[in-house]
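The values are calculated or read from the model by the stated rules, or taken from the named source; none is laboratory data. From a predicted model like this one, the values you see are computed outputs, not experimental measurements. Cβ placement follows ideal geometry from the backbone for every residue including glycine, while neighbour counts extend to all protein chains displayed.
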Amino acid sequence: MLWRLIISLFLIFIFVAIRTVPVYAGEEAARTLANLSPMAALALCGGMFLPRRLGVGLTFGAFIMSDVLLNLYYQHPLINAYSIILLLAFATLFAVGHFLGNRAGPMAVLGAGVGGTLFFYLLTNTAAYFYDPAYSRGVSGWVQALTTGRPGFPPTWVFGLRSLAGNLVFALAFYMVLRPQVEKTGWCAAPRAA
């Protein structure tokens, strides 16, 4: 039991680092590595393959820690509307993973990864449209939020493609690491506690 806690804390540290280090490394690193994060894949695969407590702890522990660090860096309130929207998005991905269950094959993981990325993209860019005054109100502002984004930044579709690449790579990596454990040891195959 202690080794699971140690491994879980280590993984949270790694996930937090992957999400936050590019921002703290400077603007160029942040732009280059933007949205190449394991968080959405962690939520999806954590719901699929991990026992509920461990999956919730890893997913939301890593999200909350990294979000606090990012909000501190950007001088945003620690709890803000955008953070809550992200939390709801990750909770939805976790629930989808839990629904699919630990018997999902690689195609289900890839399909859920693509669907989860589209859901996340639409939700977060729509939220940006509502909360960012740089977007004009109306359909044209929403389309701008979904395609070109704000002037001076790469287009949002580029962030969407990076998210897709990151989510698929990390989801397949999680699948390769976690799925064999389910098949060999059955440690996750027992019915999940409510």
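Okay, here's what the table says:
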read-out	value
Test for Ala171: is it in contact (Cβ under 8 Å) with a residue 40 or more places away in the chain and either in contact with a Leu (Cβ under 7 Å, 6 or more places away or on another chain) or exposed (fewer than 14 other Cβ atoms within 10 Å of the Cβ) (or both)	yes
Every residue from region 105-148 that is out of contact with any Ser or Thr (no Cβ under 6 Å at 6 or more places or on another chain) and of a type in the set (S, T, N, Q)	Thr124, Thr126, Ser136, Ser140, Gln144, Thr147, Thr148
Residues satisfying the stated conditions in region 105-136, i.e. among the aromatic types (Phe, Trp, Tyr) and either over 14 Å from the mean Cα position of the chain (by Cα) or within 16 Å of Ala95 (Cα to Cα) (or both)	Phe119, Phe120, Tyr129, Phe130, Tyr131, Tyr135
Single residue of Leu50, Leu11, Leu5 found to be aliphatic (A, V, I, L, M), modelled with pLDDT under 85, more than 30 Å from Asp132 (Cβ to Cβ) and surrounded by fewer than 17 Cβ atoms within 10 Å (Cβ to Cβ)	Leu5
Condition met for Asn71 (in contact (Cβ under 8 Å) with a residue 60 or more places away in the chain and either assigned to a helix (DSSP H, G or I) or not β-branched (Val, Ile, Thr) (or both))	no
Complete set of residues in region 148-175 that are within 15 Å of Phe119 (Cα to Cα) and not small (Gly, Ala, Ser)	Thr156, Trp157, Phe159, Leu161, Arg162, Leu164, Asn167, Leu168
Sole residue being part of a helix (DSSP H, G or I), touching a helix residue (DSSP H, G or I) at 6+ places or on another chain (Cβ under 6 Å), surrounded by fewer than 19 Cβ atoms within 10 Å (Cβ to Cβ) and not hydroxyl-bearing (Ser, Thr, Tyr), chosen from Ala127, Ala145, Ala91	Ala127
Test: residue in region 34-47 that is within 10 Å of the chain's Cα centre (by Cα), at pLDDT 90 or above and in a helix (DSSP H, G or I)	yes
